[in-house]
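**Q** Handing you this structure, nothing more for now.
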Amino acid sequence: MFYPEKGKKYVRIRKNHRNYQEERRNRRRVRGIFALIIIAAFIATCAYIELPQMIAAAAVRLYEAYSTNSITDAPEAAAEEEIPEEEEVVEEEPTKPVEIVFTGDVELSEYVQSNYNSTGISGVCSNGMQKVLKKADITAVNNEFAFSERGTPADKQYTFRVAPSFVSVLTELGIDVAGLANNHSLDYGQEALSDTIDTLNGAGIENTGAGSSLDEASRLIIKEVEGKKFGFLACSRVIPYASWDVRNAQPGLFTCYDPTELVARTQAAKSRCDYLFVMIHWGIEHTTKLEAYQSQIGHAVIDAGADAVIGTHPHILQGIEYYGGKPIFYSLGNFIFNRDISQTAVVRVTVDEEAGVSYTVIPCYAGGATTYLSNETGTTGYDKTEEILETLRGLSPNVELAADGNMTER
């Protein structure tokens, strides 16, 4: 007997193993032979006891008719006998859960480049950190610099530019999506921004948040995994000059100082995908205090259909809020940046057909320009997991963060 395994899905497939048509013909032949014997005996009896000729003639006609049809395949007047079909149980593989990972700000500083040149990708992210990024079906980052060797630096305190060859850092880490809506993508002008877009496209890393028109800068990235469509948008509330806004000069950035367009694009995007994630560059650097507009825009985007909002720019961790049953991560801090990052986090979104959507915070830090998982002692000599989770708990009043980083609404 076949016993289905727990957790498996099954479909029934009808399958015949016997020739039922031939069996029906054989049964008709047997019944016909018995009927002929009975009729022949009746005719003989009629002749022996001299029954009226009319009865004997009728019997002879019945014999002739039945003998002609009963042992051939012709008679189908009677309804075909319904024969139950055998059923075979065949396993159907369950749909695999989908994992999406988001990081904070990425800037390939000179420290990071030096590590990469000397020890390869393990000098940028530890092996454990790499596994988290590569295991995910989709990994998204905020790309906070220009991939270019052209352009003139903007008149601002910090300008970031990296040779296009270093895009291999992102490809080796398994990055699939890059947000370009931030206050550094145009550090070296429009030529450098164009180079950045071309470099990422050439490496197979889809990008959004910048472009040569509003439609291009606000374009929706759709990734399909396990039959589900996952959408990504990027927008900035932080730019140093109004000319960086794509509506003022092209190429430029998609901004949300007035969130009307972002809300409209979010609504339109939600109709095209099953799950939608909006990455927003906002807030004030190096403070955990939220600006009023952060919650206002975050709530509006969730109301418009986003399944989560992922914030960047403050360079440190800010709180997490559940609003309408959906999370807003106000800032994930720096992920790959300078020499040392005391606290940062990666967010893993798991979409399971049966269990639904769940969110997990994965605490991280960087030492010597290498990013580690919090439980990797690396340069610290101790496990930083609880320390980082406790920081987030103190900043997130309506979020329950378990010891393993799993999130629930309080």
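The values are calculated or read from the model by the stated rules, or taken from the named source; none is laboratory data. Remember, predicted model here, so these are calculated numbers, not experimental data. We place every Cβ from the backbone using ideal geometry, glycine too, and count neighbours over all the protein chains shown. Calculation scope for accessible area: heavy atoms of the full protein, side chains included, ligands and nucleic acids excluded. Shrake-Rupley method; radii C 1.70, N 1.55, O 1.52, S 1.80 Å.
**Q** Run the accessible area of segment 301-398 with a 1.4 Å probe and give the carbon-and-sulfur part as a rounded percent.
**A** Result for segment 301-398: 46 percent of the exposed heavy-atom area is carbon or sulfur.
**Q** Hey, any idea what % of segment 234-300's accessible area is carbon plus sulfur with a 1.4 Å probe?
**A** Of the solvent-accessible surface of segment 234-300, carbon and sulfur hold 50 percent.
**Q** For q = 0.11, 0.20, 0.23, 0.27 Å⁻¹, what log10 I(q)/I(0) does segment 317-398 give under the Debye formula with an equal point scatterer on each alpha carbon and no solvent?
**A** Log-scaled intensity ratios, in q order: -0.32, -0.90, -1.08, -1.29.
**Q** If you don't mind, another one. Using a Debye calculation, one point per C-alpha and no hydration shell, please list log10 I(q)/I(0) for segment 177-259 at q = 0.13, 0.18, 0.19, 0.25 Å⁻¹ in order.
**A** -0.38, -0.68, -0.75, -1.19
**Q** Which of the residue pairs 135/289; 131/384; 96/270; 223/326 have a Cα-Cα distance greater than 28 Å in the structure shown? Don't skip to the answer; put the middle values down first.
**A** Details: 135/289 33 Å; 131/384 19 Å; 96/270 23 Å; 223/326 20 Å.
With Cα atoms farther than 28 Å apart: 135/289.
**Q** If Rh is defined by the Kirkwood formula over all Cα pairs and Rg also comes from Cα, what ratio Rg/Rh do you get for segment 242-347?
**A** Over the Cα atoms of segment 242-347, Rg/Rh equals 0.98.
**Q** Using a 1.4 Å probe, what is the accessible area per residue for segment 139-258, in Å²?
**A** 36
**Q** For segment 274-314, with every protein chain kept in place, what is the accessible area per residue (1.4 Å probe, Å²)?
**A** Per-residue value: 33 Å².
**Q** Let's see if you can work this out: charge +1 on each Lys and Arg Cβ, -1 on each Asp and Glu Cβ, no other charges. What is the dipole magnitude of segment 292-388 about its Cα centre, in debye to the nearest 20?
**A** On the way: 4 positive and 11 negative charges, 76 e Å.
Dipole magnitude for segment 292-388 comes out near 360 debye.
**Q** Mind jotting down the distance between the C-alpha centroids of segment 115-149 and segment 150-226, whole Å?
**A** Cα centroid of segment 150-226 versus Cα centroid of segment 115-149: 15 Å apart.
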